[in-house]
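Everything below concerns the one structure shown next.
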Amino acid sequence: MLIVAEGLEKTYRLGQVDVQALRGVDAQIVAGEYVAITGPSGSGKSTLMHILGCLDSPTAGSYRLDGEDVGTLSGKRLAHVRNRKVGFVFQTFNLMPRLTVEENVALPLKYRGGVPRVERRARALKLLERLGLADRIGHRPDELSGGERQRVAIARALVGEPAILMADEPTGNLDSKAGSEVLKTFAELHAAGHTIVLVTHDPGVAGRAQRMIQMSDGLVV
């Protein structure tokens, strides 16, 4: 089992008020699954993804990622796990505007350290070719369409060969054609054996996944 979460709770302090974003969530995801976490705004789906992606910690409950108890890890070890086991794709792409497509994709390997520049470039180019972007390697993000930018973000998420790919509303800023292209890319990645966890409020997008986790008011329903 790649992901095992039990009794996850998350409480945020907003001024004088405690807001409970998660209220005891259990979730299990097997390696190779394509899972959509879905629900309306405020349901807790993004909070759950941030915890599963080691971007945030739960207030209570336990979480094991690839057999490792995340709750026991130091900040340094948590960053190490996040860099090597999780790849992220966000709604706003989060590409570095002054870097080329190739440089953006190779960036996680540069942060990781110990990966020679020749290898970083080779791995970036291989993914860009796989995703149909070989002719865009020298371009910068503002020279690309929205769909192309999201595919660059997917390549960047995959370059470190993570155990799991997490995508938060990856089609939210795209028109219907570009969104369909991105969803087709996810389907191809899943068919190739990648584990994908996708957060969306769109039932149509969620329906493309292998399985759905439906959330409401901080609970799995």
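The values are calculated or read from the model by the stated rules, or taken from the named source; none is laboratory data. Note that the structure is a prediction, hence the values are computed from the model and not measured. Backbone-built Cβ (ideal geometry, glycine too); neighbour counts: all protein chains shown.
Taken over the stretch 162-178, the criterion of being farther than 24 Å from residue 216 by Cβ and more than 13 Å from the chain's Cα centre (by Cα) is satisfied by 173, 174, 175, 176, 177, 178.
Confirm whether residue 35 is closer than 24 Å to residue 203 by Cβ and modelled with pLDDT of 95 or more.
Values: closer than 24 Å to residue 203 by Cβ: yes; modelled with pLDDT of 95 or more: yes.
Yes.
Only a single criterion out of (1) modelled with pLDDT of 95 or more; (2) farther than 21 Å from residue 196 by Cα is not satisfied by residue 113, namely (1).
Restricting attention to the stretch 7-16, which residues are surrounded by fewer than 21 Cβ atoms within 10 Å (Cβ to Cβ) and either of a type outside the set (Ser, Thr, Tyr) or free of Cβ contacts under 8 Å to residues at least 40 places away in the same chain (or both)?
In the first step, residues of the stretch 7-16 are kept if they are surrounded by fewer than 21 Cβ atoms within 10 Å (Cβ to Cβ); the result is 7, 9, 11-16.
Once the filter is applied, which keeps residues that are surrounded by fewer than 21 Cβ atoms within 10 Å (Cβ to Cβ) and either of a type outside the set (Ser, Thr, Tyr) or free of Cβ contacts under 8 Å to residues at least 40 places away in the same chain (or both), the stretch 7-16 yields 7, 9, 12, 13, 14, 15, 16.
For residue 217, the test of being closer than 29 Å to residue 11 by Cβ, of a type in the set (D, E, K, R) and either free of Cβ contacts under 8 Å to residues at least 24 places away in the same chain or buried (at least 18 other Cβ atoms within 10 Å of the Cβ) (or both) is failed.
Residue-wise test of (1) surrounded by fewer than 18 Cβ atoms within 10 Å (Cβ to Cβ); (2) at pLDDT 95 or above; (3) touching a Ser or Thr at 6+ places or on another chain (Cβ under 9 Å).
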| site | (1), (2), (3) |
| --- | --- |
| 46 | no, no, no |
| 55 | yes, no, no |
| 69 | yes, no, yes |
| 74 | yes, no, no |
| 79 | yes, no, no |
| 83 | yes, no, no |
| 96 | yes, yes, no |
| 99 | yes, yes, no |
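Scanning the stretch 17-44 for residues that are at positive phi and surrounded by fewer than 18 Cβ atoms within 10 Å (Cβ to Cβ) yields a total of 3.
Per the listing 195, 200, 185, the residue uniquely touching a Lys or Arg at 6+ places or on another chain (Cβ under 7 Å), of a type in the set (S, T, N, Q), touching a residue at least 24 places away in the same chain (Cβ under 8 Å) and surrounded by 15 or more Cβ atoms within 10 Å (Cβ to Cβ) is 185. The residues of the stretch 128-147 include none that are within 17 Å of the chain's Cα centre (by Cα) and at pLDDT 95 or above.
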